[in-house]
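Step one of this worksheet: look at the structure below.
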């Protein structure tokens, strides 16, 4: 078997790329290794274009395999991988977002990229390696694609920025920034074409420093990938050039006329949806499906060109706003009864209502994924029903988009959630998109923050978010760094549809907590990124001020509808005494008191109750179970057993002592039952505890 191998040293490790021709029926396949981590990527393209579709049918799948970490995971009855984990869905989306914009605009052949993790050393960044593998497999295939791309992750170690942090460094640091880079058309500059980041209040200027740090690594990896493609890459297939239909183009231009002008007025008298409908009626006369498709395709291209010209040249937006102006804002809290907290955030037509639910430690999400294994106490979920955009459609479980948007809001707020030591609640926020016209994910972040504050969660700082857009000059004769552009604050539907960038930034008054960027052009320069960060900061502070007008700080008290959690500390060796054989004792406390009880290995006991009385009853029970009996103390003992030589009395739940017959009374006692019977409650005094922990009690000493 012939193997082609390539190596690139990245700091103190080698990135190894191998072509083994094992998956020989694919358009290309590759093995990528870094440390003891190995991934395989394959790319397959259909033989023919799919007729009658107006989108590019690309599928990207990142696959986890538990053999990669040497474990057999799953339920008792299911031992194979099933539905993709949340992390693998997010990794699939990340790869898709970086590679999709680099396919030809009119390409309609189905393409599928599968990246499979074959082994993981629990240190290497699987998302970055997965994107590198996808980039290499596309670059070396005959699939038309204008890459390569190179991901670089920047983290922090001891307060200093580092490239390619380990998994542990990412989890413990203040910055986790992934930047996908590629060369500009002129090859003079590295452009950024995708960003994914979660941070702990990092200033904008530090983010720009991180981008500068990543550039050297971008250049090295891009040169490495280009060298591989040059040596073994297949010749790209030639796309069929489709002829122009000048008759249809003329009809489209006539129906558009100067109506774009009307759409850009504040009191718009026209609408693109209306124009599309009129175009559809006009094209029907041809009774030709191909002409209809061509007409709508040309309509989109011509509209995109006109929109770009209007916005870049005149600075005029669809609703008459300036480039850095936010739509009308409004907020509200505490508007739905019985729930633990609500937040309503409205920005123009985009309206999101978020709901807070607080639970005990036992409500934490337990997950068993390849990369992540453990519990999660803060969750943000996002729902986007078809009604929010005025459409009908099936209601299914969350798709990739909903999972991605939910996680973006979760990243934005995660670092502001109080530690479990001071606030032991499990926290779930659900954002319901009621109406959408631009960046419902950022509205969800704001609404979720309001809900947390309304419910009394003591977040460290309030968080707001905004989406930035971009209109870049549509010129084939200029490189990206030479094109005119305009960054737009608070993009809405049509600006997002025809625009070139979706740049989302969330943060507090102190700095950024999350970033996400996708683009439709080749990439953005450092200057564009600086402008986007500066404009987004101004917008975030403005939005934050509006939110704080509604609720200036988290409420001092939890919602009266939320459960209360009380904590008690016991010795770890006493946990068994509280649980009892087969859980008998703890279940008795739960049933009797109407509470939930969670016990950590450290001995921390959490009692979650709807009211204080129930909690205090359970706490007292646990205290008595774990209380240490001291010689000389007095108790009310309940007689449990009577023997010839004495009686056994329960002085605390689960703790018994013996009253010897000689300790029942001052005078001589002939029969134990002459003094006590089973069920009697009598005062007793602890007179001794032997080396084996057996407790000796006295009734006569207690009655002195």
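If only one of 377, 401 is within 18 Å of the chain's Cα centre (by Cα) and over 18 Å from residue 434 (Cα atoms), which one is it?
Of 377, 401, the one residue that is within 18 Å of the chain's Cα centre (by Cα) and over 18 Å from residue 434 (Cα atoms) is 377.
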Before we move on, is residue 59 part of a strand (DSSP E or B), in contact with a strand residue (DSSP E or B) (Cβ under 8 Å, 6 or more places away or on another chain), surrounded by fewer than 16 Cβ atoms within 10 Å (Cβ to Cβ) and in contact (Cβ under 8 Å) with a residue 24 or more places away in the chain? yes
Would you mind finding the one in 610, 601, 650, 592 that is over 28 Å from residue 702 (Cα atoms) and surrounded by 13 or more Cβ atoms within 10 Å (Cβ to Cβ)? 610
Restricting attention to segment 679-704, and to residues there that are touching a helix residue (DSSP H, G or I) at 6+ places or on another chain (Cβ under 9 Å) and part of a helix (DSSP H, G or I), which single residue is farthest from residue 639 (Cα to Cα)? 701
Is it true that residue 171 is within 23 Å of the chain's Cα centre (by Cα) and either touching a residue at least 24 places away in the same chain (Cβ under 8 Å) or assigned by TED's automatic domain parsing to the domain that holds residue 104 (or both)? yes
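Listed residues 628, 656, 633; which is over 30 Å from residue 596 (Cα atoms) and surrounded by fewer than 19 Cβ atoms within 10 Å (Cβ to Cβ)?
633
Each row is one residue, and each column tells you yes or no for (1) surrounded by fewer than 14 Cβ atoms within 10 Å (Cβ to Cβ); (2) at pLDDT 85 or above; (3) assigned to a loop (DSSP other than H, G, I, E, B).
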| position | (1), (2), (3) |
| --- | --- |
| 194 | no, yes, no |
| 221 | no, yes, no |
| 235 | yes, yes, yes |
| 244 | yes, yes, yes |
| 252 | no, yes, no |
| 267 | yes, no, yes |
| 283 | no, yes, no |
| 295 | no, yes, no |
When residues of segment 596-639 are filtered for being touching a strand residue (DSSP E or B) at 6+ places or on another chain (Cβ under 9 Å), in a loop (DSSP other than H, G, I, E, B) and under 17 Å from residue 580 (Cα atoms), how many remain? 3
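The values are calculated or read from the model by the stated rules, or taken from the named source; none is laboratory data. These figures come from a predicted structure and were not determined experimentally. Cβ atoms come from the backbone with ideal geometry, glycine included; neighbour counts cover every protein chain shown.
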